[in-house]
Every structure is written in C-alpha cells, then in structure tokens.
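Rule-based calculations on the coordinates, nothing more; no lab input. Just so it is clear, the structure is predicted and the values come from calculations on it, not from any experiment. Because the Cβ atoms are built from the backbone with ideal geometry, glycine has one as well, and the counts that use them run over all protein chains shown.
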Amino acid sequence: MSFTDEQLMAKVTAGDSAALETLYDRYAATLLGVVLRVVQDRSVAEEIVQETFWRVWDKAASFDDTQGKFSTWMFSIGRRLAIDTTRRQKIRPHAARNDAEEARMLREPDGSSVAETADLRIEQERVRSVLTVLSPEQYEVIELAYFQGLTRQEIAQATDTPLGTIHTRARLGLQKLRSALESAGIEL
Amino acid sequence: MNKRIEEELFPFYALDALTAEEKAEVEAYIAADPEAQARLVALQDMAAQLPLAVAPVPPAPSVKANLMARVQADSRVVQPAVEVATKPVVKRPSPPQPTWWDRLRQGVAVPMLAGTAALAAIVLFIWAISLNQQVNQLQGQVADLTSDTNVLVENMAALEADNDQLRVRNEVLQQQLQTQADILASYQAPGATTLALGDLTGENPTAAATLTVAAEAGVATFVARNLPPLSADQVYQLWIIRGDLPLSAGIFSVDENGRVTLAVDAALASAYDAVGVSIEPAGGSATPTPDQIILLGAASS
C-alpha cells in the first residue's frame, strides 16, 4: 500500500521511523540535487540532507498539511540550511549566466540519476521541460534567487542589471512558469 | 492593491529571497488583505515546483544509515508493530508509565504474585521452545549454506582447470599466429620467391606445397596441404636439391588435415634446382628413397 506524503507525516508525528524512511527514500535524491546546487560540495550537501530529514522527524508535529504540501515544507528546510551554510562559509555562489554548465544542471535531467518513485520522476521531467519556456534572463533571476539565495538587490549587483529590470524578469518569469505548469497539467 | 509590494516583493517572497524587513512588510500587507494572501500563496505553490527541476542525486547509503541510527536512538521512536493513525496525532511526550515496582508498592501486585510466577515459568518454557526451534532452523540454514559453499568451491576448481586449458590453448594459438605473421612477412619481403611443389606420383592429386624464401630477410617457409597421413614409423622429409645433390631441410609430420608449416634454414633454401618431399623411415634418411618422393617442384631456368 502506498501512502501519501501527508499520511506518512502523520505516522512520523506518531513516532513511526519506517514512515520517515519511506519519505527519505522518496525525496532524498531530489533534495540532494537541490542542496548541491547551493553548496556545491557533496559531503556538506549530504550532511544537510541528513540534518533536513532529522528536522522533519524532530519537528514533525509542527507540520500542518492544511498550510501546504510536505515536499514544499521539506525542501524549504533543506534549501534554507544550504543557503545558511553557504553564507556562514562566506562562499559567494557563482552567477548562473556566466556558467553555461550551471544552467544545464538545472534544465537538463541527469541520465545517471533516478528518482525514488516513478510518479516523482515523471513530474520532474515535466517540470524540467516547462522551465524551457523561460528566457535565459528570467531563468537567471529565478536561479539566483531560489537556488543561490540571493536577494533582489544582490541579483541586480551580481548581474549588473537595474533593480527594476530584475523585478520585471522575476514577475514575468513566474507568470510564464505558472501558465506553462498549468498547461502541462501539473498540480499546483 | 499595493502594486509595489505585489509586483516587486511578491515574486521574491515566493522564491524565499527577501530580506527580513521586506518579508515582514509583505506579511503585514497580506495579513490585512486575504485576496492578496491568496495571490501570494499561488506564487508560492508555483515556486514549490522548482526543486523538481533539479536532477536528483542519490546520497551515499551512509547518509540514510546515520539518519536512521539517530532516529532509532531517539526516545520518541515507536516500534513498527504499533498501529498509528493516518492523521496527525500529537502523542508525545507521553506521560511516564508506572513501573512494576510502583505497582508492587501500591499493593496491586501482591495478591497476584504466585500466579505471576507460574505465568512467568510458562512464558519462559514457551520461550525456550521457541529459541530451540530457531536454533534448529539456523543450524539447517548453516548446513544448506555449507553445502552451497562446497558446490561453489567445486565449480571454481573446475573453472580454474578450464582456465588453465584455455591459457595453454591460447599460447598455442599465439604461436600459430606468430608463425602466420612470419609467413606473411616472408611473402611480402622484397625479393621473396615462391616455388610450388606438386604431386609426383599421381596418387595424391590434391597434395601441394610451397617454399617461400626471402633471402634478404633471412626467412624461408615451407607450407604443405592435403598430404596423406603416415604410419607411426614414417615421417616426411623435405629436400633442397642442387644439381644431383639432395640436402635434407628437415623432417616433419602433418596434422589431421594433412597440413604443415615449417620454418626452413633460409641459407640452405636460398639456392636450389629443385625441392622435393619424400616419405622416409622415422628419423629421416641421408638421401631420399627414390620411389618415395611424392611432391616435387623445379626452379625455372
């Protein structure tokens, strides 16, 4: 029998470690991919993945499925840990527009990696294909904000672009993304 | 609707990339405007899809092992056999349960002591039987594994023997390959000459041979095919004939297909009027037996 994320979280809240293990198997690889984009160091990234799932276990009671999906909550924890770690280490992430490899890491699937479940993998492929609707400039702003944790002012400085342009790119990029996700039938 | 907040700050709030002050400003704004809050939530739901755009990278197994070890060491973990609800039910921390000593002190256990002891004896007895069964099962499994191991060892010995045979066969083939390479080289050497030998008696019309001499390279090779099999006390002998003088160039036998490839002394083979092959007694002869010459080839004048 397959449980939803939220059903598994109810079990985790009740102290069921097997439910946590199932969630780990379902999302650890995706989370490590996200964290690696931020910290760019595998051993540090794996520590962050472990700490993220520990916090899922430790703070399970604070998760409220009426406020959002488990995956959103969990990715938020991991991503924030990664960004904080990077800032503590004073490692300034690279701007994606100066590194075509960086862009490919986000846009293109890694053939050697597999998602834990078929459903998740299919959804990942669909999201990746949807991202191609963004212009390189829109994509860059979203990349720097979400994956590198830069503020809008820092993005303007890093890309040598007026702040107003950054606002426009972020707003239009997200609008375009929303339209493409809905067209692809991805549930938001 | 505050256009500045919604157009400039909402996207970055959804991307979780605002400063603390900006974040507070947004939260104060949506607290007073449910419709604006709904618009922001829609943006957040969309941003929540971004992690799925990243290629997954499976962590090392030790990450999961360390996590689960940490979880198992946590006092809140519940054994898997316990059925739990599927909706969030905050059960921890659970109140401390009275120990058996507490119950004893309260006098609850005293009247039941004798019965408890008897029950404990039964439980221990059943447990002992269960353990005995488990030991027997494990011994059976060990015996099976030992048997499997013996079979594997035997298979490995057979494979090693096969491997040795293959290694020997490979060496033979390598030698043959080298011989063929030498022959090819002699054929391709500048100034190489080849003499064809044919059946002399008419009894072996398919029998044939060639002698190729590359004098500059110092290589001479004799190749024969379709020679008839000989008895154990017979050999073939190759002759280099200069005028009336036959010079032995070696004795040889052929394989089951009547084939042979023979390296010949290049100095000896570099000058001849004719070349012949005769059947001789084992060990060869000083001169060819006249009626036993079966292949012959003469140099063109």
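Estimated from the Cβ-Cβ distance and a Förster radius of 25 angstrom, the FRET efficiency linking residue B:253 and residue B:161 is about 0.30. Specify the inter-centroid distance of region B:277-301 and region B:240-264, based on alpha-carbon positions, in whole Å. Here the two parts' Cα centres lie 8 Å apart. Taking one quarter of the surface of the C-alpha convex hull of region B:233-277 gives a mean projected area of 3.6 nm². As a ratio to 2.2 N^0.38 Å, the alpha-carbon radius of gyration computed for region A:132-177 takes the value 1.00. Within region B:1-81, all pairs of alpha-carbon atoms sorted by distance into 5 Å bins from zero give the percentages 3, 12, 17, 13, 8, 7, 11, 13, 10, 5, 1, 0. Here region B:149-251 is described by how far its Cα atoms reach on the three principal axes: 72, 37, 23 Å, from widest to narrowest.
Diffusion of chain B by Stokes-Einstein, at 4 °C in a medium of 1.567 mPa s and with Rh set to the Kirkwood radius over alpha-carbon pairs, works out to 41 µm²/s. Sorting the Cα pairs of region A:2-67 by distance into bins of 5 Å, from 0 upward, gives 4, 19, 26, 21, 16, 10, 4 percent per bin. Structure note, pairs A:11/B:64; A:59/B:64; A:176/B:23: Cα-Cα distances above 21 angstrom occur for A:176/B:23. The C-alpha radius of gyration of region B:112-182, expressed as a fraction of 2.2 N^0.38 Å, stands at 2.72. As a length-normalised measure over Cα pairs under 8 Å and 6 or more apart, the relative contact order of chain B settles at 10 percent. One decimal place: the segment residue B:298-residue B:230 gains 22.0 nm when fully extended, by the rule 0.36 nm per residue minus the C-alpha distance. A Förster distance of 35 Å, applied to the separation of the beta-carbon atoms of residue B:147 and residue B:69, puts the FRET efficiency at 0.45.
Overall dimensions of region A:30-79, expressed as equivalent-ellipsoid semi-axes from the Cα gyration tensor (√(5λ), whole Å, largest first), are 22, 12, 6. Over chain B, dividing the summed -39,500 (n - 2.57) contributions of all DSSP H runs of at least 4 residues by the number of residues returns a 222 nm mean residue ellipticity of -14500 deg cm²/dmol. The calculated pair-distance distribution of region B:194-278 uses every alpha carbon pair, bins of 5 angstrom beginning at 0, and gives 3, 15, 26, 25, 18, 9, 3, 0 percent.
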